[in-house]
Amino acid sequence: MRRFLLVMAALCLVTWGTALFLLFNPIRRSMAALPTLMVLPSLTPSSTPTHAPTLTDTPTATTTFTPTDTPTATVTPTPTLTPTLSTRVVEINAVMPGVYVPPTLTPFPSGTILLPAPPAPVEPLLDATHEPPPYKGWYSFESDNPNVFYATPWESRLNAFASQGEYHRSENVQSYASFTFEGEGLRIRYVAALNMGIFQVVVDGVIIDTVDAYAPELAFPGTRVYFVGQGTHTLELRSARQRNPQSEGYVLALDAVQVFRGTANTLIIPPPSITSTPTPQPQPAAGVELVGAPPTVQPTTTPIAPSLVTVSVVIAYDENGNRAVDPAEGVSGISVRVVEVGTNRVITQAFTDSSGFAQLQVVTSAQARVVVPYFGKVWEVPNSRRGGNVSFTLLLTPGNQPGLIP
């Protein structure tokens, strides 16, 4: 009985203590802490903790837990920020096999002159021996130019048809001529005759052309124009130790070296050489029946483009009767004309100089002839529609020389 009274007294004390605690507690029971799924650095949580839960043991065999109020937390929400990329972090290059992207044109500076090849020279050219460098355009370096080196001495000869009236020759097949120049274009003016052989044009140690200098008559032709690129180059003319079956020797003769050097605004871009070999493809046999066809196109006349013809004439008095033009035999002041065949229209006219030499240049597409009215001499200009250089010589015998030649 005494134990029962003690237990009841203890329960009463607990009940009265709980009632007093709930009566004087200032925290509301309805408030509870809400969890959040995102914790931002800018959040400043504030909480007001209260009394911690209290566990009360009873002297009975069963322990009774007394719940207390849950602490609450006050959170101030902040606006959500959307992240953006301000720096490129990934770059992808896609490669598509079989897709061809055509090349685009490369812009050149204003004023640039584009050439597919060096232009053809128009003689007479300026003599580099009497002109100060730098050289622009086409210039002629004569065979006696100080920069032309001969491995062994070459013989000098005079001729009115040669460039500046002089050329150099050699019968030694082991000798060669060397010349260092700066430019993009090159052309060799050589001597062609009955006793000339075959020679090689060597630039920077590479053979770029082989020329047969045989001709039935004495002439001073030029090679084709070679494109050698920008910079300084070394030219060599050497005998190939071969000759034409009709030639009488292996002589090599140099008249002049013609060099082209472009200006700062000149750019030579040769077109690419594209060669293709067609592959035969078998075609199945098929029957074709012609039902109709377009009318046959009739040929029309295409006007021939005018070309440049250079005519050289020498008139000399053959005093010693050797059938050759020697020094001091030229006749000066003789009129030489180029006329058009059919209409006899004078296209151009010139007079011989003190050496009896006259040179005329005419641009025409018609057949032309050279006339010396004073002596009644006429020459037909061959292939005047194709252009080129032609030369004529008029030798006056002592018996036919007039008493006074104007």
- Message: Please go through (1) modelled with pLDDT of 90 or more; (2) loosely packed, with under 12 Cβ neighbours inside 10 Å; (3) among the polar types (S, T, N, Q) for Thr223 and return the number of the only condition it doesn't satisfy.
- Response: (2)
- Query: For the stretch 118-130, what are the residues that are out of contact with any strand residue (DSSP E or B) (no Cβ under 7 Å at 6 or more places or on another chain) and free of Cβ contacts under 8 Å to residues at least 40 places away in the same chain?
  - Reply: His130
- Can you spot a residue in the stretch 273-292 that is surrounded by fewer than 18 Cβ atoms within 10 Å (Cβ to Cβ), at pLDDT 65 or above and out of contact with any strand residue (DSSP E or B) (no Cβ under 8 Å at 6 or more places or on another chain)? no
- Query: Looking only at the stretch 1-30, which residues are of a type in the set (Lys, Arg) and either at pLDDT 80 or above or in a helix (DSSP H, G or I) (or both)?
  - Reply: Arg2, Arg3
- Of all strands (runs of 3 or more DSSP E) fully inside the stretch 318-385, the set with 1 or more residues that are closer than 13 Å to Leu396 by Cα and not assigned by TED's automatic domain parsing to the domain that holds Arg157 is 368-372, 377-380
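The values are calculated or read from the model by the stated rules, or taken from the named source; none is laboratory data. This is a predicted model, so every value here is computed, not measured. Methodologically, a virtual Cβ is constructed for each residue, glycine included, from the backbone with ideal geometry; neighbour enumeration extends over all protein chains shown.
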